[in-house]
Amino acid sequence: MAKTMLIADDLTGTLDSGVCLLAQGAHVLVDDSSMDGAFASTDGALCVNTASRHMAPAEAAEHVYALVSAAKKAGVRRIVKKTDSALRGNIGAELAAALKASGEPRLHFIPALPAMGRVTCGGVHYVDGVPVSESVFGRDPFEPVTVSDVREVIALQSEVPTMLVRSGEPVPCDFEGIVVYDAQTDGDVASRIQQIDAARDAGVLAGCAGLASALASMEADKAADQATPAFTGNLLVVCGSVNDVSRRQCDLAEESGARVFHIAETEKSDDAWLCGDDGRAFVAAVNASWAANPLTVVNGSGLEDLSSLIPEGADVRQVVSDHIGGLLAAICAAGVRGRALVTGGDVLTSFLAQAKVAELSPLGQVSDGVVAFKVGLGADDLVIASKSGGFGNDELLVQMAQLGTK
């Protein structure tokens, strides 16, 4: 029986938090469509991707409410609503839904991920010392984060009362609503979780991978999830994120001598391209490079105007994700040549769907914010790593390639 249920709004988030719970037997579902028997068959932590990051708030809330209600009915003791470390997505709607479905008086929300430069001070969320709305996430071309005060972010989608608890202040056990906590170090996050647990009030929690890591530290021997998994061989990077961080990582990889294949309008929008002569030649060239070179990059980080190239009313982001995910599936079908790193949760989700992979078992972190897992592809196994588009330094792709040669 699952003791903890972690609900994330995208797959990279499900994995980077799920890997923290490996010692609890973390079991990852790619989406929330295959829940039958999952509670009973999981002995530890059940981690579920709702894929609700880009849904309308009401639809996202409905998914979360249904999952939490099912978890409570099945006897799950702790609900963890995983949130994006830069406050993207339907934060207010999903937290409110989790709180309501849990039946608890309070939801404790610790949004910080200090290890990656995301901290909360005075209720304001910062990324690398800059208020999040003024960071690269405030310039997101699809869903910019427009405010930096966490309570204001929640209030954009919810009327549930919120309360800020600053560093050094006690856990409020008489407040009903969403409690937001300041945290500027990993120790701050860990001590808050310990205080909330000591008050026997940890029935429903929210936060990012920093919260999951603190829970793992408190509840289990961390030997299992501290081990770095084997991640060796030539590296294929498939980048579908348009975040400035991902774009710089791809550019620096090319400057460092990596073989880079650029994909733009046609490759991202034309259904016939992959099945045509040009698409087959592209797949063959990428596969040959993957077999021969330490680092090969398929770079889809450009932000083109595709409005005239896709059907009216279609979601541009989903169309692009499906085409890049399908491209990766075709490359793998032509012959797995080592390991892969996928940047962008939407691309990863689409690839797994097209490869008909429904469940994942994380292997561990190979670098901060980069999680490895094994995927069975017919007779072959492929070790894939994933990361959010905004994670990592500019040299990350080059460093990951070097990691595989050690």
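The values are calculated or read from the model by the stated rules, or taken from the named source; none is laboratory data. Treat the numbers as computed from the prediction; the structure is a model and nothing was measured. Cβ: placed from backbone, ideal geometry, glycine included. Neighbour counts: every protein chain shown. What goes into the accessible areas is simple: the full protein's heavy atoms, side chains included, and nothing from ligands, DNA or RNA. Shrake-Rupley method; radii C 1.70, N 1.55, O 1.52, S 1.80 Å.
Listed values, structure above:
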| read-out | value |
| --- | --- |
| Residues satisfying the stated conditions in the stretch 309-337, i.e. β-branched (Val, Ile, Thr) and without any contact (Cβ under 8 Å) to a residue 24 or more places away in the chain | Val316 |
| Qualifying residue in the stretch 278-287 (condition: assigned to a loop (DSSP other than H, G, I, E, B) and either open to solvent by less than 70 Å² (accessible area, probe 1.4 Å) or not aromatic (Phe, Trp, Tyr) (or both)) | no |
| Selection status of Ala206, within 30 Å of Leu309 (Cα to Cα), open to solvent by less than 20 Å² (accessible area, probe 1.4 Å) and modelled with pLDDT of 95 or more | no |
| Segments classed as strands (runs of 3 or more DSSP E), wholly inside the stretch 318-406, with at least 1 members that are out of contact with any Phe, Trp or Tyr (no Cβ under 7 Å at 6 or more places or on another chain), within 18 Å of Gly300 (Cβ to Cβ) and hydrophobic (A, V, I, L, M, F, W, C) | 339-343 |
| Number of the exception - Leu303 against (1) closer than 23 Å to Arg248 by Cβ; (2) hydrophobic (A, V, I, L, M, F, W, C); (3) outside any loop (DSSP other than H, G, I, E, B) | (3) |
| Complete set of residues in the stretch 66-83 that are in a loop (DSSP other than H, G, I, E, B) and open to solvent by 10 Å² or more (accessible area, probe 1.4 Å) | Ala74, Gly75, Arg77 |
| Qualifying positions in the stretch 346-359 - touching a Leu at 6+ places or on another chain (Cβ under 7 Å) and open to solvent by less than 10 Å² (accessible area, probe 1.4 Å) | Leu348, Phe351 |
| The stretch 173-189, subset crowded, with 16+ Cβ neighbours inside 10 Å and within 19 Å of Leu95 (Cβ to Cβ), residue farthest from the chain's Cα centre (by Cα) | Gly177 |
| Output for the stretch 242-264, where each listed residue is part of a helix (DSSP H, G or I), over 20 Å from Gly345 (Cα atoms) and either modelled with pLDDT under 95 or more than 27 Å from the chain's Cα centre (by Cα) (or both) | Glu255 |
| Candidate set: the stretch 84-122, residues that are farther than 23 Å from Asp201 by Cβ and without any contact (Cβ under 8 Å) to a residue 60 or more places away in the chain; chosen: the one surrounded by the most Cβ atoms within 10 Å (Cβ to Cβ) | Arg88 |
| Unique residue being at positive phi and modelled with pLDDT under 90 when the list is Gly376, Gly344, Gly389 | Gly344 |
| Cross-chain or 6+ apart pairs with Cβ under 9 Å, the stretch 146-171 first and farther than 19 Å from Asp197 by Cβ and in contact (Cβ under 8 Å) with a residue 12 or more places away in the chain, then among the aromatic types (Phe, Trp, Tyr) and not in a loop (DSSP other than H, G, I, E, B) | Ser148/Tyr126; Val150/Phe109; Ile154/Phe109; Thr162/Phe109; Leu164/Tyr181; Arg166/Tyr181 |
| Any strands (runs of 3 or more DSSP E) falling wholly within the stretch 3-65 and containing at least 1 residues that are at pLDDT 85 or above and open to solvent by less than 10 Å² (accessible area, probe 1.4 Å) | 4-8, 45-49 |
| Any hit, the stretch 87-104, residues being assigned to a loop (DSSP other than H, G, I, E, B) and among the polar types (S, T, N, Q) | yes |
| Which listed residue, of Val80, Val119, is touching a His at 6+ places or on another chain (Cβ under 8 Å), aliphatic (A, V, I, L, M) and closer than 20 Å to Met163 by Cα | Val119 |
| Those residues of the stretch 246-272 which are crowded, with 17+ Cβ neighbours inside 10 Å and either small (Gly, Ala, Ser) or within 18 Å of Asp305 (Cβ to Cβ) (or both), in sequence order | Ser246, Arg247, Ala253, Ala258, Ile263, Glu267, Lys268, Ser269 |
| Test: residue in the stretch 190-208 that is within 23 Å of the chain's Cα centre (by Cα), among the small types (Gly, Ala, Ser) and part of a helix (DSSP H, G or I) | yes |
| Of all residues making up the stretch 139-167, the number that are out of contact with any Asp or Glu (no Cβ under 8 Å at 6 or more places or on another chain) and modelled with pLDDT under 95 | 5 |
| Subset of the stretch 139-172 [open to solvent by 60 Å² or more (accessible area, probe 1.4 Å) and not in a loop (DSSP other than H, G, I, E, B)] | Arg139, Arg151, Glu152, Ala155, Met163 |
| Residue satisfying all of: in the stretch 95-108; out of contact with any Pro (no Cβ under 8 Å at 6 or more places or on another chain) and not small (Gly, Ala, Ser); nearest to Arg139 (Cα to Cα) among these | Leu95 |
| Residue within the stretch 180-197 that is under 21 Å from Val64 (Cβ atoms) and of a type in the set (Asp, Glu) present | no |
